[in-house]
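The values are calculated or read from the model by the stated rules, or taken from the named source; none is laboratory data. Model, not experiment: these values are computed from the prediction. FYI the Cβ positions are ideal-geometry reconstructions off the backbone, even for glycines, and counts take in every protein chain you see.
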Amino acid sequence: MAKYTGPVCRLCRREGIKLFLKGSRCMTEKCAVERRAFPPGQHGQARPRASEYSTQLREKQKLKRMYGVLERQFRGVFAKAERQEGITGENLLRMLERRLDNVVYRLGFAASRNEARQLINHGHFRVNDRKVDKPSFLVREGDVIAVKLRSRTIVPITAALEGVDGRGVPGWLDLDKANYTGSVRGLPAKDEIQVPVNEQLVVDLYSR
């Protein structure tokens, strides 16, 4: 499985916003965007003119980096969203939100999506009482996501759950902290997907 293995703080600096790729560190003064609010590289502090194409590209890069999806996989998700009924941009966001790694992160079982992917790959979660170890698995309405009984004492999960109240759980999900379970109340609506991205620009980019 291909994945990005470089410095993730560099990605946040390149996009100029916090992508929350390092969990709780992103909320402290150690955050790279707080310390150096300009793109990395020797030309990072220059101010180039932004073209229409570069603006669209930056929005696409924000979205795929935020959800931890590489280019080929992202194009596949976009193609599926385009074939569905409704607005392509909203379909795209909804499919990315339904990924199991994102759901585990949104429920508060992991401090970041990257950490959620690692926990899922190691088999710490069950969906509808079945082991699922694919981060790209798409949850459906009514699905129940649970931490395996033997995994409920591992530090990453317990530490993440301690901070979930401050972060909050989106309305389309339900969290039962006492039983280490979460459920999907319904598919996420557009206003329930809080990402700092203009998805229409991503659609325009792939429509060029």
Residue selected from segment 133-167 under the condition touching a His at 6+ places or on another chain (Cβ under 8 Å) and free of Cβ contacts under 8 Å to residues at least 40 places away in the same chain, by the criterion farthest from Ile120 (Cα to Cα): Ile154
Residue satisfying all of: in segment 85-102; free of Cβ contacts under 8 Å to residues at least 24 places away in the same chain and not β-branched (Val, Ile, Thr); farthest from Lys190 (Cα to Cα) among these: Glu85
Helices (runs of 4 or more DSSP H) wholly inside segment 73-183 that include at least 3 residues being surrounded by 14 or more Cβ atoms within 10 Å (Cβ to Cβ): 88-97, 100-107, 113-121, 155-162
Taking Val144 as meeting all but one of (1) at pLDDT below 95; (2) touching a Ser or Thr at 6+ places or on another chain (Cβ under 7 Å); (3) of a type in the set (A, V, I, L, M), write down the number of the exception. (1)
